[in-house]
Amino acid sequence: MSDLSTPPTPDGGALLGHTRAFSRDPFGALERWADHGDVVRLEFPGETFYLVSDPALIERVLHDADGRFVIAEQQRRAFADVEDHAVTTAVGDRWRRLRTALQPAFARNTIDRYADGMVEQTVSRVEAWDDGEEIDLHREMRYLTLDILAETLLGVDIGGNEDVVLDATDALVDRADPRRPAQLLPDWVPTPTDRRFRRKVAALDSYVDRCLAARQEGSRGDDACSVLLDAHDRGELTGEEVRHNLVALLLAGSDTSALGLTYCWYLLSTHPDAYSALVAEYDEHVESKRPTAESRERLDGLRNAVSETLRLYPPTWNTMRQAVRPVMLGGYRLPEGAELMLSQWVLHRDERFWESPSAFRPSRWEDERDRPEYAYFPFSGGPRHCIGMHFAWLELHLALATMIGRVELDVTIDETLTFAPTLSLRPEAEISAIVRHR
Ligand code: HEM
């Protein structure tokens, strides 16, 4: 009888474990390792991870009601000095208090009211592009999602300060890249990446302080900034918590959606038939070139294309959890502190649940196949699922529809599309596009 107490460990080097294979081809390596079993043990210098690739086990971990799993130490480290007091890094009662304070800003009816603002910001950005101009697509999508977020959900004035947020995001993402050799150094050893990180985060902090000071004076509504400041006035949040949560929303709410938009354009540009079908659908169903929260219901093809994009290129490619005490999972005993990788990338490409998983086929969403819920979880799941999920779905639909109605983007990329395995699924090469106004 096989020993079920320890999960299988795929072959790795004696000294560096699975580091070399991961550095060379991170996503291919994860897919191959997942073939070894539903729970697989991976060794990196000073760290052991457990890759979990069975949807039912992922569901058990994410919906855990017994307090056996919390967000991983690795995630708290990645956001250290930026979001230590934010919902993204908190655990236990503190997390519940912060999530409850933020929740009113994410109510469904509040989000739907942002539809006009989302379309407005997209129209302004598209109109700023000249016919025939070459744009840095990913960067433009980052500006767009940041402008939408600031103007609607956050209620802060971003005008001219976009680069402060983008630079801090880049510095955070670079610092968290697991392939960075300096990851092996103790935290107290300063590196150029750390120094750049501190500079960029100081600039972001001072911008956020200015935003909060301005909002403290002005009127309040039900946007996220108001909700945070109201909770502070009632004594439910500290000043530090208000600041770090605003930072968390600025970073979490723009980078991910921008990747979704970028990859959707990339896929449409490389699949002309799918693109033409969306243009025809748009022309048939959207009057006066202005999509609304309601016209979204009629754009089935667009919804399928977005779902398929988030399947193939999930902006958050991995969700981490940590066992707070020894646990049994999938028949294996995992030690206290075990760090679990629940990888969207791996599950979204698992042949057990997806036919031709690497093909872009929006039509696969037309008839709901019977597949386990956690074969697809771009926004994670359970009580800690993405708080911005409804906002993001609406934004992706409306921003894409608005763009499809006004421009065609001919996307080019110098090399094949590869990704950095850092906090989000970022393209390693620049993705540019030639703009043609319709
Ligand atoms: C396509 C866009 C997006 C994707 C794919 C995405 C995905 C995710 C995922 C996978 C998580 C991790 C949940 C977990 O640990 O189980 C998360 C958390 C979070 N997201 Fe998003 N997200 C997106 C957009 C947004 C937006 C627009 C906002 C806010 C405006 C947002 C705010 C957050 C916050 C605050 C958390 C932490 C929630 C908590 O720990 O309670 N996200 N997101």
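The values are calculated or read from the model by the stated rules, or taken from the named source; none is laboratory data. Fair warning: this is a prediction, and the values are worked out from it, not measured in the lab. Here the Cβ is made from the backbone with ideal geometry for all residues, glycine too, and neighbour counts use every protein chain on show.
Structure summary
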| quantity | calculated |
| --- | --- |
| Test: residue in the stretch 401-418 that is within 16 Å of the ligand (Cβ to nearest atom) and polar (S, T, N, Q) | no |
| Flag if Pro190 is touching a residue at least 24 places away in the same chain (Cβ under 8 Å), not charged (D, E, K, R) and not in a helix (DSSP H, G or I) | no |
| Number of the condition not met by Val164 [criteria: (1) away from the ligand (no atom under 16 Å from the Cβ); (2) under 24 Å from the mean Cα position of the chain (by Cα); (3) β-branched (Val, Ile, Thr); (4) closer than 26 Å to Ser23 by Cα] | (4) |
| Residue match in the stretch 322-334 (condition: hydrophobic (A, V, I, L, M, F, W, C) and either within 16 Å of the ligand (Cβ to nearest atom) or closer than 26 Å to Asp255 by Cβ (or both)) | yes |
| Elements of type helices (runs of 4 or more DSSP H) contained in the stretch 229-344, each with 1 or more residues being of a type outside the set (A, V, I, L, M) and within 30 Å of Pro104 (Cα to Cα) | 239-270, 300-312 |
| Where His385 falls short, out of the listed (1) surrounded by 20 or more Cβ atoms within 10 Å (Cβ to Cβ); (2) touching a residue at least 60 places away in the same chain (Cβ under 8 Å) | (1) |
| Selection count, the stretch 373-409, where residues are among the basic types (Lys, Arg) and under 17 Å from the mean Cα position of the chain (by Cα) | 1 |
| Pairs with Cβ under 8 Å, 6+ apart, first in the stretch 256-276 and under 13 Å from Leu425 (Cβ atoms), second more than 11 Å from the ligand (Cβ to nearest atom) and of a type in the set (D, E, K, R) | Ala258/Arg142; Leu259/Arg426 |
| Search result, residues across the stretch 1-47 that are charged (D, E, K, R), in a strand (DSSP E or B) and modelled with pLDDT of 90 or more | Arg41, Glu43 |
| Leading residue by the ranking (surrounded by the fewest Cβ atoms within 10 Å (Cβ to Cβ)) among those in the stretch 352-370 that are in a loop (DSSP other than H, G, I, E, B) and within 23 Å of the chain's Cα centre (by Cα) | Ser358 |
